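Student: I am attaching a structure below and will ask some questions about it afterwards.
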Amino acid sequence: MQKFLEEGRVLEQQEVARQTHRLRLEAPRMAGAARAGQFFMLQVREGMDPLLRRPFSFHRILPEEGIVEVLYRVVGKGTWWLSRCAPGTPLSLLGPLGNGFELPPIAAGPVVVVAGGIGIAPLQELIQQLLAKGGVGRPADIHLFYGARTGAEQLPENLLEDLGISVYRSTDDGSLGYGGFVTDLLRRVVQEKNLQPSQLYACGPLAMQYHVARWALEHKVPSQLSLESLMACGIGACLGCALPAAQADASSQDHYLHVCKDGPIFGAESIQWHKIQTHGAPPTIFLYS
Amino acid sequence: MAQNPDARGASHDLSVQLGPLRLKNPVMVASGTFGYGEEYADFLDLTALGAVVVKGISLAPRPGNPPPRLVETPAGMINAIGLENVGVDAFLQSKLPYLRDRQVPVIVNIFGNLLEEYAELAARLEGVPGIVALEINISCPNVKSGGMIFGTEPSMAARVVEAVRRATTLPLITKLTPNVTHIGEIAKAAVGAGSDMLSCINTVAAMAVDIFSRRPKLANVFGGLSGPAIKPIALRCTYEVLQAVDCPVIGIGGIANATDALEFLLLGARAVQVGTANFVHPAVTREIIEGMRRFLEVERLGGVEEYIGSLNRECLFPFAEIACEMTDLP
Ligand SMILES: Cc1cc2nc3c(=O)[nH]c(=O)nc-3n(C[C@H](O)[C@H](O)[C@H](O)COP(=O)(O)OP(=O)(O)OC[C@H]3O[C@@H](n4cnc5c(N)ncnc54)[C@H](O)[C@@H]3O)c2cc1C
Ligand SMILES: Cc1cc2nc3c(=O)[nH]c(=O)nc-3n(C[C@H](O)[C@H](O)[C@H](O)COP(=O)(O)O)c2cc1C
Ligand code: FES
């Protein structure tokens, strides 16, 4: 599992949903080495501001074409600069990093995939892998629960429903699919259809992940959650990307997991959820010009 | 000087004498930015470095601060890692052997909350093969005197250095914090107490807030600023320290390329440490070393020692000199 630097090149960028861009990068070595659920650190711009690389999941990994795709939301300075990169722009990639998803064993049964907003990014490649080689009987046994604030932020049907998988959409404002939280939709559908998932995969905002984790623990479904943290290095050197680890017992001292080397994929049981602190979700608007 | 292409390596010599240490070149990596070395092995040949300063070690393992621990700022970052580390036992057992087996000179950065902890740590590291020096991080709160930072008061800094000095024969580097009024005073106190060398600077005390959530961006509220943003502060500190004491000094702060590194050497620093830049470009130190070699070639210098401390204190060219040059123009 060697990590490396690769000079990639922007092939094209497209705004595929509101504030959501799909970036195709020519990076043959990365495309040959990466696995679903892993991530890489992208230098969005030469120079000192922004200074640090930004972590992104692999949205699609296309080894034959030598291409990796990123699906990202513009939330701040780095992603704003990234959105302005024209085809041909060279960008430095550092990766592949982290553990990645584990695919279920052959014929393990239906799987549940929960995506919140931009959290769909790594799950798209996961779904492709499940379809290609995972232990899922029929495409329809992949149950994707996909929530967002509003319909305009969701990926279109041709990228998801057309794969033959079961898709359940929800929006906070009710503009598309079920009106409410994706985790409520998950509870309902699983009960109605009496689904017995063999595995749960999820990526999305922290609040969603928390509810997904609780659900998975309650229902004793093995889970693989893709979690985030602010990162400086991505390779285990700065120790900045800490998340509170579950305690062996109540008396034991706090200790931390590191998203870049222990994750970014974690089981719901390994995190001490109530100890997580953030300074808030990314803002819905940002002041930058 | 005669240009002998075959003797390129020898005629552009990067090796430096740093107190009792002979280094292959003046480029080291800074504590806390390079893990325990192994993290970077995929990206560069660790043996090419002058030395590796490992993440700060304490007697017992420390979990570190709750997250968020990091925030990026213009040309820099603020961290409040809280000195998370595996503790000295695990360091000696599972971290040090990797670097020792590869013959990379290791400098161990040590810290404690009590004088006795510093001393005990130093004693534990005495005589351990592979360790070439200790770097004393005095930017820690002294729990006995109400959490005051050891490194902000000359007499307290001196007591830490004395305690470590008594406990070990290893060469000692004291790492100075810039968050003081007179860094030269702390430098004098450390050298007076037996520090063989000094390194400066540690991170600059800083803070960031979020206008939407109306909260500090770090769980710890305060953190330490590092990266290119602090280089001018680091240069000023290095200059003041060099004026205050007569011992080898290692320059640290915002170094991201060979030019930055050479600026510290020009002042008189005998080596440099590269920190935050490793996060952006894991192989940046290799580029810095190569860049230095090219600089020596272009400047026709036999070795980097010739360049160290060659700063001309007069800030600008005297006008007469420029005028003379102008009259030579056709
Ligand atoms: C392993 C991993 C994989 C990721 N994959 C993707 C992906 O596929 N697509 C995508 O759009 N984003 C992804 N992210 C998040 C992405 O890295 C951040 O959105 C990005 O760094 C923001 O940079 P910026 O300069 O635009 O924002 P900044 O100006 O740095 O920050 C703007 C806002 O975004 C928030 N923010 C910054 N970094 C993060 C972060 N790491 N996680 C959550 N919020 C953050 C800040 O708190 C702030 O409110 C991933 C993060 C991690 C850790
Ligand atoms: C994430 C991080 C962790 C650090 N940890 C330590 C440490 O454990 N001990 C120490 O003496 N300095 C530590 N430092 C300070 C650096 O060694 C260095 O002095 C400082 O970052 C300035 O250099 P730079 O601008 O090149 O990063 C740390 C810095 C960073 C960014
Ligand atoms: S991002 Fe630096 S240790 Fe994880």
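Student: Would it be correct to say that A:Val44 is within 11 Å of ligand 1 (Cβ to nearest atom) and open to solvent by 50 Å² or more (accessible area, probe 1.4 Å)?
Tutor: no
Student: List the residue pairs whose Cβ atoms are under 6 Å apart, where the first residue sits in segment B:29-41 and is within 7 Å of chain A (Cβ to nearest Cβ) and open to solvent by 10 Å² or more (accessible area, probe 1.4 Å), the second is more than 10 Å from ligand 2 (Cβ to nearest atom) and not polar (S, T, N, Q), and the two are 6 or more positions apart or on different chains.
Tutor: B:Glu39/A:Ile235; B:Glu39/A:Gly236
Student: For segment B:76-98, give me each residue that is open to solvent by 20 Å² or more (accessible area, probe 1.4 Å) and either more than 27 Å from B:Gly130 (Cβ to Cβ) or part of a loop (DSSP other than H, G, I, E, B) (or both).
Tutor: Across segment B:76-98, the qualifying residues are B:Asn79, B:Leu83, B:Glu84, B:Val86.
Student: Looking for something outside any strand (DSSP E or B), basic (Lys, Arg) and under 18 Å from the mean Cα position of the chain (by Cα) - is there at least one such residue anywhere in segment B:194-215?
Tutor: Scanning segment B:194-215, I find no residue that is outside any strand (DSSP E or B), basic (Lys, Arg) and under 18 Å from the mean Cα position of the chain (by Cα), so the answer is no.
Student: Quick one: how many residues across segment A:6-28 are buried (at least 18 other Cβ atoms within 10 Å of the Cβ) and in contact with a strand residue (DSSP E or B) (Cβ under 6 Å, 6 or more places away or on another chain)?
Tutor: Number of matching residues: 11.
Student: Give me a count of the residues in segment B:120-153 that are closer than 24 Å to B:Leu18 by Cα, modelled with pLDDT under 95 and assigned to a helix (DSSP H, G or I).
Tutor: 1
Student: Only one of these is within 14 Å of chain B (Cβ to nearest Cβ) and either without any contact (Cβ under 8 Å) to a residue 40 or more places away in the chain or in contact with a Lys or Arg (Cβ under 9 Å, 6 or more places away or on another chain) (or both): A:Ser170, A:Ser166, A:Ser229. Name it.
Tutor: After ruling out the rest, the residue left standing is A:Ser229.
Student: Would you mind finding the one in A:Gly164, A:Gly180 that is touching a strand residue (DSSP E or B) at 6+ places or on another chain (Cβ under 8 Å) and on the phi > 0 side of the Ramachandran plot?
Tutor: Every option except A:Gly180 fails the conditions.
Student: Among the residues in segment A:203-210, are any in contact with a Leu (Cβ under 8 Å, 6 or more places away or on another chain), in a loop (DSSP other than H, G, I, E, B) and touching a residue at least 60 places away in the same chain (Cβ under 8 Å)?
Tutor: Checked segment A:203-210: no residue is in contact with a Leu (Cβ under 8 Å, 6 or more places away or on another chain), in a loop (DSSP other than H, G, I, E, B) and touching a residue at least 60 places away in the same chain (Cβ under 8 Å).
Student: Being touching a helix residue (DSSP H, G or I) at 6+ places or on another chain (Cβ under 9 Å) and either at pLDDT 90 or above or more than 16 Å from ligand 3 (Cβ to nearest atom) (or both) narrows it down to one residue among A:Leu239, A:Leu243; which is it?
Tutor: Being touching a helix residue (DSSP H, G or I) at 6+ places or on another chain (Cβ under 9 Å) and either at pLDDT 90 or above or more than 16 Å from ligand 3 (Cβ to nearest atom) (or both) holds for just one of A:Leu239, A:Leu243, which is A:Leu243.
Student: Then there's this: Of all residues in segment A:171-199 being part of a helix (DSSP H, G or I) and among the acidic types (Asp, Glu), which is surrounded by the most Cβ atoms within 10 Å (Cβ to Cβ)?
Tutor: My answer is A:Asp184.
Student: Hey, any hits in segment B:270-291 for a residue that's over 29 Å from B:Phe43 (Cα atoms) and more than 14 Å from chain A (Cβ to nearest Cβ)?
Tutor: no
Student: Follow-up question, since we're still on this one. Identify all residues within segment B:45-65 that are open to solvent by less than 30 Å² (accessible area, probe 1.4 Å) and at the interface with another protein chain (Cβ under 10 Å from one of its Cβ atoms); write none if there are none.
Tutor: Those that are open to solvent by less than 30 Å² (accessible area, probe 1.4 Å) and at the interface with another protein chain (Cβ under 10 Å from one of its Cβ atoms): B:Lys55, B:Gly64.
Student: Going through segment B:196-243 one residue at a time, which ones are out of contact with any strand residue (DSSP E or B) (no Cβ under 8 Å at 6 or more places or on another chain), at negative phi and within 11 Å of another protein chain (Cβ to nearest Cβ)?
Tutor: Listed by number, the residues that qualify are B:Ile211, B:Phe212, B:Ser213, B:Ala219, B:Asn220, B:Lys231.
Student: Hey, B:Pro68 hits all of (1) away from chain A (no Cβ under 14 Å); (2) in a loop (DSSP other than H, G, I, E, B); (3) within 16 Å of ligand 2 (Cβ to nearest atom) but one; which does it fall short on?
Tutor: It is condition (1) that B:Pro68 fails.
Student: Something else about it: Could you check, for segment B:121-139, whether at least one of its residues is β-branched (Val, Ile, Thr), crowded, with 17+ Cβ neighbours inside 10 Å and within 30 Å of B:Ala229 (Cβ to Cβ)?
Tutor: Yes; the residues of segment B:121-139 include at least one that is β-branched (Val, Ile, Thr), crowded, with 17+ Cβ neighbours inside 10 Å and within 30 Å of B:Ala229 (Cβ to Cβ).
Student: Within segment A:4-74, which strands (runs of 3 or more DSSP E) (wholly inside it) include 2 or more residues that are of a type in the set (Asp, Glu) and touching a Lys or Arg at 6+ places or on another chain (Cβ under 9 Å)?
Tutor: In segment A:4-74, the matching strands (runs of 3 or more DSSP E) lie at A:4-17.
Student: What tally of residues in segment A:87-97 results from selecting those that are open to solvent by 10 Å² or more (accessible area, probe 1.4 Å) and of a type in the set (Gly, Ala, Ser)?
Tutor: Final tally of qualifying residues: 2.
Student: Tally up the residues in segment B:174-188 that are assigned to a helix (DSSP H, G or I) and in contact with a Ser or Thr (Cβ under 7 Å, 6 or more places away or on another chain), please.
Tutor: Looking only at that region, the number is 0.
Student: While we're here: Just the residues that are within 14 Å of chain B (Cβ to nearest Cβ) and either of a type in the set (Val, Ile, Thr) or in contact with an Asp or Glu (Cβ under 6 Å, 6 or more places away or on another chain) (or both), please, taken from segment A:52-83.
Tutor: Those that are within 14 Å of chain B (Cβ to nearest Cβ) and either of a type in the set (Val, Ile, Thr) or in contact with an Asp or Glu (Cβ under 6 Å, 6 or more places away or on another chain) (or both): A:Leu52, A:Val75, A:Thr79.
Student: Here are some conditions: (1) under 16 Å from the mean Cα position of the chain (by Cα); (2) within 12 Å of another protein chain (Cβ to nearest Cβ). B:Gly251 meets all but one. Which one does it not meet?
Tutor: In the conditions (1) under 16 Å from the mean Cα position of the chain (by Cα); (2) within 12 Å of another protein chain (Cβ to nearest Cβ), B:Gly251 misses (2) alone.
Quick grid of which residues meet (1) in a helix (DSSP H, G or I); (2) crowded, with 24+ Cβ neighbours inside 10 Å; (3) touching a Pro at 6+ places or on another chain (Cβ under 6 Å); (4) not small (Gly, Ala, Ser):
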position: B:Lys231; (1), (2), (3), (4): yes, no, no, yes
position: B:Arg236; (1), (2), (3), (4): yes, no, no, yes
position: B:Ile255; (1), (2), (3), (4): no, yes, no, yes
position: B:Asp260; (1), (2), (3), (4): yes, no, no, yes
position: B:Phe279; (1), (2), (3), (4): yes, yes, no, yes
position: B:Ile289; (1), (2), (3), (4): yes, no, no, yes
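The values are calculated or read from the model by the stated rules, or taken from the named source; none is laboratory data. Bear in mind the structure is a predicted one, so any value in this text is a computation, not a measurement. Every residue, glycine among them, receives a Cβ derived from its backbone with ideal geometry; neighbour counts consider all protein chains shown. Keep in mind that these areas ignore ligands, DNA and RNA; they rest on the heavy atoms of the full protein, side chains included. Shrake-Rupley method; radii C 1.70, N 1.55, O 1.52, S 1.80 Å.
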